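Comments concern the structure below.
Coordinate-derived values only; no laboratory data. No experiment lies behind these values; they were computed from the predicted model shown. Cβ placement follows ideal geometry from the backbone for every residue including glycine, while neighbour counts extend to all protein chains displayed.
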Amino acid sequence: MSIKKFINSVKESLGLDEFEKAGKKKSIKRLLEKLKSRKKILDKEPKKKLDKKEKKELKEELAIITLQIKKGEKILDELNSEDTKISKKKKGK
Amino acid sequence: MLRRIFLPSILIILGYGFFISPDFKEISAGVAIFLFGMLTLEEGFKAFSGGTLEKILEKSTDKLHKSIGFGFVATAIMQSSSLVSVLTISFIGAGLIGLTQGIGIIFGANIGTTTGAWLMAGFGLKVKISAYAMPMLVFGVILIFQKAKALKGLGYILAGLGFLFLGIHYMKDGFEAFKETIDLASFAVDGFKGLMIFIGIGVLATVVMQSSHATIVLILAALSVGQITYENALALTIGANIGTTVTAVIGSLSSNIDGKRLAGAHFIFNVITAVVAVIFMDQIISLVAGISDSIGIASDNHTLRLAVFDSFFKIMGVIMFIPFVDKLVNFLQTAIKPGKKKEEEFEGVKYLNDSVLELPATSMAALARETKHLYDNAFEIITHGLNLKRSNIISTMPLDNVIADSYSKNIVDIDDFYLHKIKGLYGEIIDFSAKAQSYMTQEDIQELYKLKLANRDIVEAVKDTKHLQKNLIKYSNSTNEHIKTQYDSIKRNLADLLRNISYITNTKEEDMILLSLSKAKLHAEQYDIVANGTVDNLIRNGLITNEMATSLMNDSSYAYDIHVNLIAMAEIIFIDSDSDLKSLSEDMVMNDEDIDLILKEKDA
């Protein structure tokens, strides 16, 4: 067995790749939480008191945050579905 | 001159020594192998020092007691206070830690070196240490030939330890054989005179070997066979502690001002501790005897008693200095000042120096900080080039007021600014990157490449500002309201971009960083007046002349490039390496498709 293969098998048996993935999942979850709470704050902003320019800025910020949340959720879904595939594969073995 | 005489003299003396005494040859070979072992060990630990280094440092050096603990543990593991000193200087050089933390690490490292004396006295002299050395060397060398960085590093550590053990074995054997021909103990000198002479010998031996650790091992080897007296061995130990500061002073020569101050602190600490030890020598010897008796060390076991003395003497020094660390820092800051710059001189680098070069983690951190330094200069030039005030940009003042409040009535000479604050600095960053690259792995080099791109983006943004400046000043004062409005708009949009970046630099809120970056990207596309048809409209309706239209088209292109370059730079250098965004930025930051989507939603 070459050293590379040996290292890969050690990584696999210790679950180091999954550790990395779990870290990414945690990061995205934390970020999503922050984005959602920011969106809540912006949603609650009293729109009547704002002038035209401020309303435009608020609308723009909301559009960006909504898009970021969508992107984040998509990444999280992808990571979760990869996990499901791996666990199914392991059960199959 | 001294250096030219020094090396040949040492070589001649050694050669003569080898000629007249084969035992002296064995001792010297032992020292040489021991020192080579230390070098190999250092090489091994360097292989493991990248990556998480910054995080470990940040967490383990935020308080003085933690810094001392870090210095102690690092030295005890690596068995080299010189390596820890040089690493600390490079951490300071790269701006990873401050002077107070650095002093804490040096204090800890001083105590950490005593573990070497304990290992040697308690283990090295009692067992046949060479039996352990051989397998270590064999396994070590096999691993050194492997490609994987971790295995290579482990190989260097094993081989290093093997050489250390082998060196100790030769030193011990040499002294034993030496005893049969010459009794060095007959040269022992008593009293204060002896103390001073042997302190001097200790200093000299450590300066020559560049390692107090090697000197102490040599002292213990000689003491174990009775070639030196216990009192003279104590004096040699004090001398070794002074001599070791020379390594730090030499290491600091290529460092920045804080590195030099740290070497100064190391020197002051070791010399004052030595002076105190000399003054209270008799009392310390009695105390060491008391401690040794209480822990069951026999009165004739001088090697272990020397280890007790070494520990006591160093811990005493640290306890003595802890209350004065702040005063020491203040003193060093006033005593060692950066050289005054001549007016004509170009602004140089702040963080890049040879002391940070060898470790990828420190060189990368230094380069990231230097890039931020370059951006700070660029921020000043771009703001003044646009005739805006920096204080207004970073405030919450409405952007219309920001552009109304001019920086100067005269045109700012961007060329002069560029020459003094950008060109030289950029050149040094690129030069340093090329040097640092040779110590880096492929992964590090990719990271470095991104930093180089960020630097190029900054320089391009400054150059674009220069192109933009002439017409910006001209048309901002034009009587044609239409062209004036367009140039004011370019100015306002750039001020908005600079404000967004300034916000990113000052916040740790990841969602806000993401929002600011996205906003900046979106605005860059919105403000592209060529793409959004504004220029066509102005020409078609005859509101501006052909000359004005050409200028506006060119200048809006420069402004767009400034946006693109500065956003690309901010994505690289202003996302904190500890932040969640670092691993997610590529997936989360808005791409062209997202921008189109939002713009369409806006238009709808």
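What to note about this one:
- Where only C-alpha atoms are counted, convex hull volume of the range B:447-604 per residue in Å³: 117
- Among the residues of B:262-272, the average count of other protein chain beta-carbon atoms within 10 Å of the residue beta-carbon is 0.
- Rounded to 10°, Cα long-axis angle of helix B:592-603 versus longest principal axis of chain B: 40
- Modelled label positions at B:L453 and B:F19, each set 7 Å beyond Cα in the direction of Cβ, lie 6.4 nm from each other.
- Computed E for B:D596/A:K26 - FRET, C-beta separation, R0 45 angstrom, nearest 0.05: 0.90
- Relative intensity, log₁₀ I(q)/I(0), of the range B:293-406 from a Debye sum that treats every alpha carbon as a point, q = 0.12, 0.23 Å⁻¹: -0.83, -1.18
- Beyond 23 Å, the tail of the calculated P(r) for the range B:55-154 holds 43 percent of the Cα pairs.
- Nearby aspartates and glutamates by direct alpha-carbon distance to A:K34 (threshold 16 angstrom, same-chain neighbours under 8 apart not counted): A:D43, A:E61, A:E73, B:E509, B:E510, B:D511, B:D580
- Between B:N401 and B:I272, the contour length at 0.36 nm per residue exceeds the Cα-Cα span by 40.5 nm.
- Relative intensity of the protein assembly as shown on a log10 scale, I(q)/I(0) at q = 0.09, 0.10 Å⁻¹, equals -0.92, -1.04, per a Debye sum over C-alpha point scatterers of equal strength in the absence of solvent.
- ³J(HN,Hα), Karplus 6.51/-1.76/1.60, whole Hz, each residue of the range B:225-234, x for Gly, Pro: 9, x, 7, 10, 7, 4, 5, 5, 5, 4
- When the charge dipole of the protein assembly as shown is built from unit charges on Cβ atoms (+1 for Lys and Arg, -1 for Asp and Glu) and taken about the Cα centre, the candidate among B:M397, B:I445, B:L352 whose Cα reaches farthest toward its positive end is B:M397.
- Note on B:D536/A:L62: beta-carbon distance plugged into 1/(1 + (r/R0)^6) with R0 of 25 Å gives a FRET efficiency of 0.20.
- Point-charge dipole on Cβ atoms (K/R +1, D/E -1) for the range B:448-604, about Cα centre, debye to 20: 880
- Considering all C-alpha pairs of the range B:473-563, those separated by over 23 Å amount to 31%.
- Pairs exceeding a 24 Å alpha-carbon distance, out of A:K55/B:K519; B:K63/B:K149; A:K74/B:K149; B:K63/B:K452: B:K63/B:K149; A:K74/B:K149; B:K63/B:K452.
- Between B:L39 and B:I319, the modelled label-to-label distance comes to 4.0 nm, taking each label 7 Å out from Cα in the direction of the beta carbon.
- Burial ranking of peptide ranges B:502-512, B:71-81 (average Cβ count within 10 Å, highest at the top): B:71-81, B:502-512
- Look at the stretch B:419-429: the mean tally of other chain Cβ atoms within 10 Å of its residues' Cβ atoms is 0.
- Alpha-carbon centroids, the range A:49-77 and the range B:65-93: separation in whole Å: 48
- From its DSSP helices (H runs of at least four residues, each -39,500 (n - 2.57)), the protein assembly as shown gives a residue-normalised ellipticity at 222 nm of -26000 deg cm²/dmol.
- Rounded to the nearest 20, the size of the Cβ-charge dipole of the protein assembly as shown about its Cα centre is 1300 debye, with Lys and Arg at +1 and Asp and Glu at -1.
- Think of each Lys and Arg Cβ as +1 and each Asp and Glu Cβ as -1; about the Cα centre, that makes the dipole of the range B:399-481 roughly 260 debye.
- Ranked by the mean number of other Cβ atoms within 10 Å per residue, highest first, peptides B:443-454, B:550-561 order as B:550-561, B:443-454.
- Counting only alpha carbon atoms, the long axis of helix B:302-321 and the longest principal axis of chain B meet at about 40°.
- For residues of A:32-38, the mean tally of beta carbons on other chains within 10 Å: 3
- Cut-off 18 Å, label 7 Å out along Cα→Cβ of B:I394, residues of the range B:406-450 by amide N: B:407
- Simple rule: put +1 on each Lys or Arg Cβ and -1 on each Asp or Glu Cβ in the protein assembly as shown, find the dipole, and look at B:I319, A:L79, B:G200; the Cα lying farthest toward the positive end is A:L79.
- Degrees between helix B:424-437 axis and first principal axis of chain B (Cα, 0 to 90, nearest 10): 50
- The length gained by stretching the chain between B:N546 and B:L419 to full extension, at 0.36 nm per residue less their Cα-Cα distance, is 42.3 nm.
- Computed FRET value (nearest 0.05) for B:K474 with B:K337, which takes r as the C-beta separation and R₀ as 45 Å: 0.50
- The range B:529-535 - phi-based ³J(HN,Hα) in whole Hz, Karplus 6.51/-1.76/1.60, Gly and Pro as x: 6, 6, 5, 8, x, 4, 5
- Sorting B:33-42, B:457-466, B:283-292 by their mean Cβ neighbour count within 10 Å, with the most densely packed peptide first, gives B:457-466, B:33-42, B:283-292.
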